[in-house]
Each structure stands twice: as structure tokens, then as C-alpha cells.
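A.B. asks: What follows is a structure written as C-alpha cells; I'll ask about it next.
The values are calculated or read from the model by the stated rules, or taken from the named source; none is laboratory data. As the structure is a computational prediction, the values presented were derived from the model and not from experiment. Ideal geometry is used to build each Cβ from the backbone, glycine not excepted, and the neighbour counts take in all protein chains shown.
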Amino acid sequence: MTNPDSSPEQDKIRPDLTAFVGYSAHTSPETLDGKVEVPAEYIIKLDANENPYGCSPRVNQALAQYPNLHIYPDNGQTRLRELLAGYTGVHARHIVTGGGSNQLIDLVLRLFISPGDEVISCEPTFGIYSFSTKLCAGSLVEIPQDENFTVNTRDIKAAITKRTKVICLANPNNPTGTIVPRPTLLELLDTGVPLLLDEAYYEFCGETLTPLVGTYKNLMLLRTFSKWAGLAGLRIGYGLFPPKIADYLMKIKMPYNVNVAALVAVQESLKDIDYLMSHVRAIITERTRVFEELKQIPWLKPFPSQANFILCQILKGDATELRLKLQKKGILVRYFDYPRLRNFIRVSIGKPEHTDVFIKTLREIT
Ligand SMILES: Cc1ncc(COP(=O)(O)O)c(C=O)c1O
């Protein structure tokens, strides 16, 4: 039957996608020029868990001199996979790289999910698991975390059915910053269900299941250069998979899915690990300070975090309003307002001078 409100072309669109709401991405500073009280270049961006220190200067130098932008990248990602094998200690045959780890989440779900299949995730968590599940016409089974944002192993196991194809878990989790304890991860691996373990924030917490990648046939582990290496704008992530899964992913990925600039950037970043990790350590130190400062504000309840952000419940007042007031002052934070995260903000850890302005502004605007 045709829909009277749509054109004949629109009627051909997959019906399950006509009501798809998409991913609510962060506000780009350039779209705020003239709408906030500071010029765009002074906006303090604490909404997307980016690295305030930027990338290694070696990356900028190498990109400025790179001569081969007119040549397609190596579709087999040979050099990139070797470099990442060196960084992770996992053989290159396990490794697949993508345009950000988002692209790999999407690729993995495309590989496993047929319409009607189930993906388990633990709410609240990273929105792309739901986004890609829906794009694959899969069904997301959301298992609530408890009030301290601990994953409930028993409930996850009870939710596994014949149609369960993947369990998605972020460790540390976004937006809560909490760690999934290792025994929980091992118990879930023992179910045999493919576990997509997203370690996007690994460098900020040091906990990883990397050494188990060769042992478990159902362990798929994701990492990114967006956070610790300051390369969010270049879009480069990677995954560690059982070799057979890696082979399938290499076959179904778009050709040349990782650009040559990302290869140069990874190469240079891995020559500058000490420099980059000094910034990771600065962010971890600042995380403690931000947490202590937020704790002093009586209408806020911050949650301890192992990542480069802190989730905060607004005990008095409205998170949407607070976000807008902060935005007006040129400070961007993420806010959440849905049943499991009613009235919460998430603030990324910036440089100490960003914390100073953020905390001062918070105290002034209430
Ligand atoms: C848990 C988690 N996984 C993956 C990503 C995506 O990272 P990338 O920039 O590599 O796509 C993010 C980004 O915020 C994240 O929080």
C-alpha cells in the first residue's frame, strides 16, 4: 500500500528505516559561531571525549610532506596491520582496521546480523551498538545496568536465545566510565556467544583482554586512535579478531576503507608513544581533580570513571537547560535525558585551564 504523504521513490525505502532517528552527533563548534558568547576558536569542547592535547607533532609534519595523496591506500592494510601487531603484541592475521572503531562496530554487526537477529547490550552504553543493529534490521536486547552502573551477568546470560548473535560491551563503558570486571568478561566468553568488547578507552585504564585474543574464538576486541592518540578527526580504529572472522571482515569491508593519511598518522603516533602517553597521564591526573571539584558542587553527583570523561547526575535543575547555559558560555558538554539516564551530563576531561573555566562557570550559572 502506498503512503499518501510520500513520493513513489520514498515508498521503495525499507519501511523499518523510515522512522529511524539516526545518531545524535556532537555539536560542531563552527556551527555555533555567533550563537555563543565567545568566538568559535575559544569554545571549550568537553562533549566528545576528544584529546585536548591533540596528536603527535610528528603526525602534522609527516602529513605536510606526504607525497602520495593521489594513490589509493593498500586495500589489504598490510603495513597498518603490521604496525598494530607491533603495538598490541597480537599477530597481524587477527587485525582489521577501519575508519574509526565505529566503522568496525558496523562491519562486525553486518557480518553477524540478519533481520530479526538479536544483539545484547547493557544500557546505558555507546549509541552505535543500537544504531548499527537497527541498520541491520536486528533487534537490540537492552539489559539494564544497576544503579552504580555495574553490568548484570546473570541477566545477560538469561537473555541469550538462539537468535543472539553478538553481545556488545564497552570496557570502560561510555558514558558511565565504569569497568566490567574481568571475571564477568570471562563468564560471558564462556557462553560461546560472540563478544564485541570495545576497548576504545583502554589507554586510560590499562585493562585489556588482548592476551586472550588467540585463545577465545568468540572474542572480538576493538580499539581506536581517536582518544589516546588525538586522531579523532582522521578516523582510525582497529579490531583484534579470530583469524577467520578477520578474513570475513576483510572481504566485506569497503575497498580502501582506511585512508593514506590515517596510515601516516598511525606510523608517526607509534614512534611517539611516550609523548602521547604523557598526555594520557595528564588527563588521568586531571580526571581526579575534575571528580573532586564536581563532588564539591551540592547539586551534582559525579560517578568515578576509568576513561577520559566523567558522568554526572544533576540532582537539582535540568540537564538540558544546564547544557544550553554552558553552551552559551562556550563550554560544550554531552547531556542525556532518557529513562536510564534521566538528567545526566557527561563531561570530557580537558586541560587544567579548561577545568578552571568549566568549574567556575558551573558555580556562576546556578
Ligand atoms: C565506547 C566507544 N567505542 C567507540 C567509539 C568510536 O570511536 P572512533 O572515533 O574510533 O569511531 C567511541 C567514541 O566515542 C566510544 O565511546
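Yes or no, residue by residue, for (1) among the hydrophobic types (A, V, I, L, M, F, W, C); (2) surrounded by fewer than 21 Cβ atoms within 10 Å (Cβ to Cβ); (3) on the phi < 0 side of the Ramachandran plot:
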{"residue": "Lys217", "(1), (2), (3)": "no, yes, yes"}
{"residue": "Leu222", "(1), (2), (3)": "yes, no, yes"}
{"residue": "Gly233", "(1), (2), (3)": "no, yes, yes"}
{"residue": "Lys244", "(1), (2), (3)": "no, yes, yes"}
{"residue": "Pro255", "(1), (2), (3)": "no, yes, yes"}
{"residue": "Val258", "(1), (2), (3)": "yes, no, yes"}
{"residue": "Ala261", "(1), (2), (3)": "yes, yes, yes"}
{"residue": "Ala265", "(1), (2), (3)": "yes, no, yes"}
{"residue": "Lys271", "(1), (2), (3)": "no, yes, yes"}
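A.B. asks: OK, next. Among residues belonging to region 200-257 that are within 19 Å of Val180 (Cα to Cα) and among the acidic types (Asp, Glu), point out the one that is farthest from the chain's Cα centre (by Cα).
C.D. replies: Filtering region 200-257 for residues that are within 19 Å of Val180 (Cα to Cα) and among the acidic types (Asp, Glu), the one farthest from the chain's Cα centre (by Cα) comes out as Glu207.
A.B. asks: So, of the residues in region 91-105 that are in contact with a helix residue (DSSP H, G or I) (Cβ under 6 Å, 6 or more places away or on another chain) and within 18 Å of Asn171 (Cβ to Cβ), which turns out to be nearest to the ligand (Cβ to nearest atom)?
C.D. replies: Asn102
A.B. asks: Follow-up question, since we're still on this one. Within region 48-84, how many residues are touching a His at 6+ places or on another chain (Cβ under 6 Å) and of a type in the set (A, V, I, L, M, F, W, C)?
C.D. replies: Of region 48-84, the ones touching a His at 6+ places or on another chain (Cβ under 6 Å) are 48, 53.
The next check asks that each one be of a type in the set (A, V, I, L, M, F, W, C); those that pass are 48.
Final tally of qualifying residues: 1.
A.B. asks: Still on this structure, please answer the following. Please report, ordered by residue number, the helices (runs of 4 or more DSSP H) entirely within region 42-112 with at least 3 residues that are touching a strand residue (DSSP E or B) at 6+ places or on another chain (Cβ under 7 Å) and touching a residue at least 40 places away in the same chain (Cβ under 8 Å).
C.D. replies: Numbers: elements: 57-65, 78-88, 101-112.
Hits in region 42-112: 78-88, 101-112.
A.B. asks: Scan region 281-299 for residues that are surrounded by 21 or more Cβ atoms within 10 Å (Cβ to Cβ) and either within 16 Å of the ligand (Cβ to nearest atom) or farther than 22 Å from Ile179 by Cβ (or both) and report the count.
C.D. replies: Matching residues across region 281-299 total 2.
A.B. asks: Please find, within region 337-354, the residue that is surrounded by the fewest Cβ atoms within 10 Å (Cβ to Cβ) out of those that are more than 21 Å from Gly317 (Cα to Cα) and in contact with a strand residue (DSSP E or B) (Cβ under 6 Å, 6 or more places away or on another chain).
C.D. replies: Taking region 337-354 and keeping what is more than 21 Å from Gly317 (Cα to Cα), we get 349-354.
Cutting the leftovers down to in contact with a strand residue (DSSP E or B) (Cβ under 6 Å, 6 or more places away or on another chain) gives us 350, 354.
Numbers: Gly350: 23, His354: 19.
That would be His354.
A.B. asks: Only one of these conditions is not met by Leu324: (1) closer than 20 Å to Leu32 by Cα; (2) buried (at least 19 other Cβ atoms within 10 Å of the Cβ). Which number is it?
C.D. replies: So Leu324 meets the others, but not (2).
A.B. asks: If a residue must be crowded, with 18+ Cβ neighbours inside 10 Å and either more than 22 Å from Glu199 (Cβ to Cβ) or at pLDDT below 95 (or both), how many such residues does region 60-82 contain? Full working, then the answer.
C.D. replies: Residues of region 60-82 that are crowded, with 18+ Cβ neighbours inside 10 Å, as a first pass: 73, 77, 80-81.
Remaining after also requiring either more than 22 Å from Glu199 (Cβ to Cβ) or at pLDDT below 95 (or both): 73.
The qualifying residues number 1.
A.B. asks: Might you check whether a residue that is within 19 Å of Phe309 (Cα to Cα), assigned to a loop (DSSP other than H, G, I, E, B) and within 16 Å of the ligand (Cβ to nearest atom) occurs anywhere in region 162-169? Walk me through it before giving the result.
C.D. replies: To start, the set of residues in region 162-169 that are within 19 Å of Phe309 (Cα to Cα) comprises 169.
Narrowing further to those that are assigned to a loop (DSSP other than H, G, I, E, B): none.
Within region 162-169, not a single residue is within 19 Å of Phe309 (Cα to Cα), assigned to a loop (DSSP other than H, G, I, E, B) and within 16 Å of the ligand (Cβ to nearest atom).
A.B. asks: Considering only residues that are in a loop (DSSP other than H, G, I, E, B) and within 12 Å of the ligand (Cβ to nearest atom), look in region 186-229 and name the one that is farthest from Gly350 (Cα to Cα).
C.D. replies: So in region 186-229, the residues in a loop (DSSP other than H, G, I, E, B) come out as 190-194, 199-201, 206-209, 213-218, 225-229.
Cutting the leftovers down to within 12 Å of the ligand (Cβ to nearest atom) gives us 199-201, 225-229.
Working: Glu199: 20, Ala200: 18, Tyr201: 15, Phe225: 17, Ser226: 15, Lys227: 12, Trp228: 13, Ala229: 14 Å.
Among residues in region 186-229 that are in a loop (DSSP other than H, G, I, E, B) and within 12 Å of the ligand (Cβ to nearest atom), the one farthest from Gly350 (Cα to Cα) is Glu199.
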